[in-house]
Structures are given as structure tokens and as C-alpha cells.
Amino acid sequence: MRHMLEIDDLSVDELERILELARQSVTDVPQLLAGQGVACYFAKPSARTRNSTEMAVVQLGGHPVYITADEVGVDQRESAEDVTRTLACYHRAVCARVFEHELLERMAALDVVPIVNLLSDGGHPLQAIADVLTIEAERGPVAGRNIIYVGDANNVARSFVLAVGALGGKVTVVAPPDRRFNAVDADRLSAAGAPFTYGDRPETVTGADVVYTDTWISMGQEGDREQLLRAFEGYRVDEAMMARNPDAVFLHCLPAHRNEEVTDAVLDGAQSRIWRQAANRLPAVRAVLQWLLEVNAGAAS
Ligand code: CP
Ligand code: NVA
């Protein structure tokens, strides 16, 4: 059974097939989920991911069921394995936003229902698919583009570097030394053949086609706020940085912590494409669900 936990679960052809499905008109979407459910489990808050996933399920003819961590009590009321086996009785897929990436791996290891990562502390693959859709629409193929990621090298950055790398591109990650990819992620990126380099200080970023940032304080890290603000001092994306990169579009997965990692003027400025990027979350997740349903149906027949 195929799952979608991270971009490197996919071959290049499969990623390109998903991008192609994402570009299809909503009127051409097959009703693969008619009369069926998809469980949408959230252990963290969400605006874009919950709404895009629920609407994607609707567009595929199905019914999304939103489930909170408090409600099912994963590994408290019941084990993650028993929750997954239970949801598999009623749903064609289980989509989950969790803290530890390993929890998704435990759910997927059962092979009783396809599991989709809606963001873990490890990665955010559906976001990365929306990101490359946005870049391709704005600037053409990612290969050969000067793509700069400024900020925390964690979940969003990992999936983004994997997606850009699979499509033949390379990301320059501009992050303080102690907020760069950890050794496990760096090895994973290297094993996936996803090239990245570390850039110098943000003042030296020039000639970019894309400038991307994410919050400095990810969900679950609120207790480290003061320390993180100090670590990222000087890494804010501001008007001066965008002026040094006049041909760049600005991307952010959102939610933005306005005037922390990026200024209002950049978020709301002429180079910003954040709302197109947010809108692309819907075709991205719909395409992933469609691909998973098709590929798993093929494997079963
Ligand atoms: N980008 C993103 O995943 O947004 P939400 O946390 O609102 O879902
Ligand atoms: N890095 C952020 C992404 C939110 C979509 C977080 O994990 O909170």
C-alpha cells in the first residue's frame, strides 16, 4: 500500500504525475470518493491544511471527518495502531497532522489505510507540492531557478528542498548555523539527491527568483520563543532584501508571524504571491488523494 508521508516517498515520475493532476480543471476531477469518507486528524491547529483537505475530499465526491487529538486520544485512550485500524473501518484514507513524524510511520506501517502527512515535525509534503506549483506558474520550471529559503531549516524547508530537488532544482538555505538541517535530515536530503547549499548572511542574498520563509516559532516551540527570536535576529525578510532581489517572488507557507520573520510590507507587497500559494494547497492535496486512490486501486487489482 502506498502512503504519502514525505516527498521522497515518490519517484520523480510520480511527483510529476501529481503536479499534472493538480493542474487539471476541477470539473474533470473523478468522483473517486463517492459515498466514502476521509479521516482528517489534527493534533495541532490549522487553517489552510484543514480547509483545503476537507474541500479536496468534497471535490472527489467524498465526506471528510475532522478529528481532534483530544477526541481520539492517540496513544492515551488507545494506541495509534488501534486508532488507525478503527479509522480504516470507515475511511478510504487517513490524513494526519502530528508532532512526531514517527507517529505517521507507525500508522503507515500497518498498511490498513493510506496515510497522508498533513504536517509533522519532520515534513510538510502537501505544502511543498503547492509551493512548486506556485513557482512553476510564476517563474516556469524550478530547474535553473535561483531559489532562496531564509529561516528555520525544519519541516517546511525539508519537504521544499526535496520537491525542488526532485524536479532538478536546488535551494540555497540561508539560516543561522544552529538552525540548519539536523544531521538526519541532511542525510535524508542527500540520499534523495536533493541538492542544497547554505547561503551567507541574508544581506548577501541577491539575484533570487524566489525568496521563501517560514515562521521562526513553529507549533510546539512557543516555549522557546525568546531564544528563537534571538537566534534569527537579522534574518527577517524585509523591503531591503526584496529590493536587492527585484525579480523575485516572495513565498510563505503561512501562518505568518507578521513583522517577525517577514514585514507587513513584503507580505502585502507587489512581489508577494502568498495567496496564490495558499490557494494552491487545494489542488495539491486533491491531486495527492486522487493519485493515492488510483495507485492503491491499481495495486489491489
Ligand atoms: N501552511 C499551513 O499548513 O497552514 P495551516 O497551519 O493553517 O494549515
Ligand atoms: N514550521 C511551521 C509550519 C506551519 C505550517 C510549523 O511547524 O508550525
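The values are calculated or read from the model by the stated rules, or taken from the named source; none is laboratory data. Owing to the predicted nature of the structure, the values given are computational and were not obtained by experimental measurement. In this analysis, Cβ positions are derived from the backbone assuming ideal geometry, glycine residues included, and neighbour counts consider all displayed protein chains. Calculation scope for accessible area: heavy atoms of the full protein, side chains included, ligands and nucleic acids excluded. Shrake-Rupley method; radii C 1.70, N 1.55, O 1.52, S 1.80 Å.
Mind checking which pairs have a first residue in segment 108-128 that is hydroxyl-bearing (Ser, Thr, Tyr) and a second that is modelled with pLDDT of 95 or more, Cβ under 6 Å, 6 or more apart or different chains?
Final answer for the pair search is Ser120/Val98; Ser120/His101; Ser120/Leu104.
Say whether the condition of being part of a loop (DSSP other than H, G, I, E, B), open to solvent by less than 10 Å² (accessible area, probe 1.4 Å) and more than 11 Å from ligand 2 (Cβ to nearest atom) is met by at least one residue in segment 121-129.
Within segment 121-129, none of the residues are part of a loop (DSSP other than H, G, I, E, B), open to solvent by less than 10 Å² (accessible area, probe 1.4 Å) and more than 11 Å from ligand 2 (Cβ to nearest atom).
When you check Gly168 against the structure, is it open to solvent by 10 Å² or more (accessible area, probe 1.4 Å), small (Gly, Ala, Ser) and within 15 Å of His101 (Cβ to Cβ), yes or no? Can you show your working first?
Details: open to solvent by 10 Å² or more (accessible area, probe 1.4 Å): yes; small (Gly, Ala, Ser): yes; within 15 Å of His101 (Cβ to Cβ): no.
So Gly168 fails the test.
Which residue is nearest to ligand 2 (Cβ to nearest atom), if the candidates are limited to segment 94-106 and must be open to solvent by 10 Å² or more (accessible area, probe 1.4 Å) and over 22 Å from Asp152 (Cα atoms)?
Leu103
With the requirement that a residue be in contact with a strand residue (DSSP E or B) (Cβ under 7 Å, 6 or more places away or on another chain) and either open to solvent by 10 Å² or more (accessible area, probe 1.4 Å) or within 16 Å of ligand 2 (Cβ to nearest atom) (or both), what does segment 130-141 give you? I'd like the intermediate steps shown before the answer.
Here is the first cut: in segment 130-141, the ones in contact with a strand residue (DSSP E or B) (Cβ under 7 Å, 6 or more places away or on another chain) are 131, 134-135, 138-139.
Within segment 130-141, Asp131, Thr134, Glu138, Arg139 meet the criteria.
Within segment 253-260, can one find any residue that is surrounded by 13 or more Cβ atoms within 10 Å (Cβ to Cβ), away from ligand 2 (no atom under 14 Å from the Cβ) and either of a type in the set (Val, Ile, Thr) or under 20 Å from Val161 (Cα atoms) (or both)?
no
Have a look at Gly199, Gly144, Gly165, Gly169 and point out the one that is more than 12 Å from ligand 2 (Cβ to nearest atom), at pLDDT below 95 and under 28 Å from Gln24 (Cα atoms). First the steps, then the outcome.
Working: Gly199 fails: under 28 Å from Gln24 (Cα atoms); Gly165 fails: at pLDDT below 95; Gly169 fails: at pLDDT below 95.
The match here is Gly144.
Inside segment 5-19, can you point out the residues that are in a helix (DSSP H, G or I) and closer than 16 Å to Glu105 by Cβ? Step through it out loud before you land on a result.
First, the residues of segment 5-19 that are in a helix (DSSP H, G or I): 7-9, 12-19.
The answer is Ile7, Asp8, Asp9.
Filter segment 179-235 down to the residues that are under 23 Å from the mean Cα position of the chain (by Cα) and among the polar types (S, T, N, Q) and list them by number.
Hits for segment 179-235 are Asn182, Ser190, Thr197, Thr213, Thr215, Ser218, Gln221.
Please find, within segment 20-48, the residue that is most open to solvent (accessible area, probe 1.4 Å) out of those that are within 13 Å of ligand 1 (Cβ to nearest atom) and not in a strand (DSSP E or B).
Only one residue fits best here, namely Pro45.
Considering only segment 77-101, how many residues are within 16 Å of ligand 1 (Cβ to nearest atom), aliphatic (A, V, I, L, M) and in contact with a strand residue (DSSP E or B) (Cβ under 6 Å, 6 or more places away or on another chain)?
Quick first cut of segment 77-101, residues within 16 Å of ligand 1 (Cβ to nearest atom) only: 95-99, 101.
Filter once more, keeping what is aliphatic (A, V, I, L, M): 96, 98.
Now narrow it down to the ones that are in contact with a strand residue (DSSP E or B) (Cβ under 6 Å, 6 or more places away or on another chain): 96.
Residues flagged as within 16 Å of ligand 1 (Cβ to nearest atom), aliphatic (A, V, I, L, M) and in contact with a strand residue (DSSP E or B) (Cβ under 6 Å, 6 or more places away or on another chain) within segment 77-101 amount to 1.
Restricting the search to segment 261-286, which residues are open to solvent by less than 30 Å² (accessible area, probe 1.4 Å), assigned to a helix (DSSP H, G or I), within 16 Å of ligand 2 (Cβ to nearest atom) and not charged (D, E, K, R)?
Within segment 261-286, Leu267, Ile274, Gln277, Ala278, Ala284, Val285 qualify.
Going through Val29, Val57, Val38 one at a time, which residue ends up being β-branched (Val, Ile, Thr), within 21 Å of Leu104 (Cβ to Cβ) and touching a Lys or Arg at 6+ places or on another chain (Cβ under 7 Å)? Before you say what the answer is, go through the steps one by one.
Working: Val29 fails: within 21 Å of Leu104 (Cβ to Cβ); Val57 fails: touching a Lys or Arg at 6+ places or on another chain (Cβ under 7 Å).
Matching residue, one of Val29, Val57, Val38: Val38.
Tyr235 versus (1) open to solvent by 20 Å² or more (accessible area, probe 1.4 Å); (2) in a loop (DSSP other than H, G, I, E, B); (3) not β-branched (Val, Ile, Thr): which is the lone unmet condition?
Against the list (1) open to solvent by 20 Å² or more (accessible area, probe 1.4 Å); (2) in a loop (DSSP other than H, G, I, E, B); (3) not β-branched (Val, Ile, Thr), Tyr235 comes up short only on (1).
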